[in-house]
Amino acid sequence: MDPDRDGPRFRLPLDLREFFAGVDGEAFMSQINSMAESGSQEELDQTTREAAQAIPLLRDILRKKKEAEQEFDMENTKLWLGVALPLIALYRIAEDRGYNWGTPQPPPPPKDRNA
């Protein structure tokens, strides 16, 4: 994207580069451990639903996990769970940092260069 040609770049409230730069291994593993040790399946299910609503890719991953479970394919069930958990952990970290998962606002219209 060329800012001179396309106008200013629209940025979400939390830029992905800034977000990932602030996620250290300890915080990430802490979230994973917290989910594993929560003891509350209801809480974990609620967080998973919220994360899947915010991250469409997670819905697809969870669907693949469910399909594997229904086929009694434990290897792929574990595989898809292993793919889903990091996304849920990242969702929770973003939530803890106050990220607003609401509907993103559209980028502002390009400025009229003739004005």
Through the Karplus equation 6.51 cos²θ - 1.76 cosθ + 1.60, θ set to phi - 60°, convert the phi angles of the range 18-32 into ³J(HN,Hα) values in whole Hz; use x for Gly and Pro.
5, 4, 5, 5, x, 9, 9, x, 5, 5, 5, 5, 4, 5, 4
Do any GluC sites (Glu not before Pro) in the range 13-105 lie in a loop, going by DSSP, with at most 12 other beta-carbon atoms within 10 Å of their beta carbon, and if so which?
GLU71
Gain in length, PHE28 to GLN53, computed as 0.36 nm per residue apart minus the alpha-carbon separation, to one decimal in nm?
6.9 nm
For GLN41 paired with ASN100, estimate the spin-label separation in nm (one decimal), with each label point 7 Å from Cα along the Cα-to-Cβ line.
3.7 nm
Find which of GLY98, LEU85, ILE61 sits farthest along the positive direction of the dipole of the range 41-100, computed with +1 on the beta-carbon of Lys and Arg, -1 on that of Asp and Glu, about the Cα centre.
GLY98
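Every read-out reported here was derived from the displayed coordinates using simple, explicitly stated rules and does not represent laboratory data. Bear in mind that the values here come from a model prediction, so they are computed numbers and not experimental data. In this analysis, Cβ positions are derived from the backbone assuming ideal geometry, glycine residues included, and neighbour counts consider all displayed protein chains.
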